[in-house]
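What follows draws every value from the coordinates through simple rules; no lab data is involved. Source: prediction; values computed, not measured. Cβ: placed from backbone, ideal geometry, glycine included. Neighbour counts: every protein chain shown.
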Amino acid sequence: MEPTRPQLLLSTGIDPDSVDWDLLARFEAGLYEWNQRVNLTRVPRERFFVRHVIDSLLFQDLIPSGSRVLDLGTGPGFPAWPLAWARQDLHVTALDSSGKPLAFLRSQALPNLEVLQGRAEELGVSESFDVVTGRALAPLAIQLELSASPCAVGGWVLPLRTASDVSAIEAFDPRVLGLELVRIERRTLPIEEAARVCPVYRKIVTTPTDYPRPWAEIRKRPLGSST
Ligand code: SAH
């Protein structure tokens with residue numbers, strides 16, 4: 001038999017008695033209702049809890065208590081919404097350039113969740129978040145270039161990646177962005193048995209003001225490419 005939702009949540013380190021399950025049910029129903037009109041997710045509803053909620057929380061224990069968290073390219077709110085739902089100690093800011101998924105996310109308000117529309121490279125906010133994360137935003141080097149500047153010195157950049165990214169993680173030197181790779185966390189998404197990876201970067205010095213570069217340049221010459 002498959003484990004229950006409370007059991008799965010507990011496996012991420014979250015006490016199932018500490019969360020509001022009705023809010024989650026409302027989020028899930030809203031996501032699949034909106035999904036009939038606006039393309040928000042390709043994950044079938046039977047897999048919603050594992051592929052969206054547990055996947056968003058798989059590395060939540062790496063986020064220090066009380067952190068200001070920035071989620072870049074949140075789409076309909078992953079990992080931002082599950083993080084804010086499960087970790088009431090966090091203050092989560094969810095950013096995306098696209099208005100449609102954010103209109104859904106704004107309909108699912110949480111007291112510790114802030115929703116912002118804009119492009120990460122135009123955010124103009126530097127050194128103000130304790131943790132910067134993101135799932136399925138862009139290739140690793142691009143995600144890191146977008147994530148480094150908003151992260152405070154002493155804070156953490158925690159990109160949610162897959163096993164296929166390990167060689168790219170090992171090859172990329174993040175010091176140009178003021179980051180240091182501390183370790184690579186590898187975990188398995190339950191039921192799906194899919195490998196997930198979170199490289200743990202510490203921001204050690206202020207990111208040079210040259211980064212992030214304008215989008216056209218980031219795309220044309222991602223950091224670490226030889227051209
Ligand atoms: N994080 C969500 C959505 C991933 S899809 C999830 O895991 O389900 C990628 C999202 O990143 C899209 O919603 C897209 O609009 C957004 N995005 C891509 N580049 C961006 C940028 N430079 N700034 C802000 N958002 C961006």
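Just a few scattered comments:
- Sorted largest first, the spans of the alpha carbon positions of the range 83-227 along the three principal axes are 44, 38, 29 Å.
- Sorting Y32, Y211 by the number of Cβ atoms found within 10 Å of their own Cβ, with the fewest placed first, yields Y32, Y211.
- Fewest-first ordering of F49, F129 by other beta carbons within 10 Å of each residue's beta carbon gives F49, F129.
- Cα gyration tensor, the range 38-103 - rounded (a/c under 1.5), prolate or oblate: oblate
- Sequence-distant residues sharing a close amide H with V115 (under 5 Å, placed H): A94
- Simple label model, 7 Å out from Cα along Cβ direction - R219 to S164, nm: 2.1 nm
- Shape of the range 64-169 from the C-alpha gyration tensor: rounded (a/c under 1.5, with a ≥ b ≥ c the square roots of its eigenvalues).
- Electrostatic tally near I204: other residues with Cβ closer than 9 Å to its Cβ, Lys and Arg +1, Asp and Glu -1, net +2.
- Cut-off under 5 Å, modelled amide H: who pairs with G134 long-range: L72, L160
- Distance between the range 1-53 and the range 141-162 - C-alpha centres, whole angstrom: 26 Å
- Loop-resident sites, the range 46-111, for trypsin sites (Lys or Arg not before Pro), counting at most 10 other Cβ within 10 Å (DSSP): none
- The range 126-192: C-alpha gyration tensor shape, a/c 1.5 cut-off, then a/b vs b/c: prolate
- Residue-by-residue Karplus 3J(HN,Hα) for the range 175-182, coefficients 6.51, -1.76, 1.60, Hz, glycine and proline x: 5, 4, 9, x, 10, 10, 7, 8
- Local electrostatic count, D173, Cβ distance below 14 Å [Lys/Arg +1, Asp/Glu -1]: -2
- Once backbone amide H atoms are built at 1.01 Å from N, L90 has G66 as its partners under 5 Å, excluding neighbours fewer than 5 places away on the same chain.
- Radius 10 Å from Cβ of I218, net charge of other residues (Lys, Arg +1; Asp, Glu -1): +1
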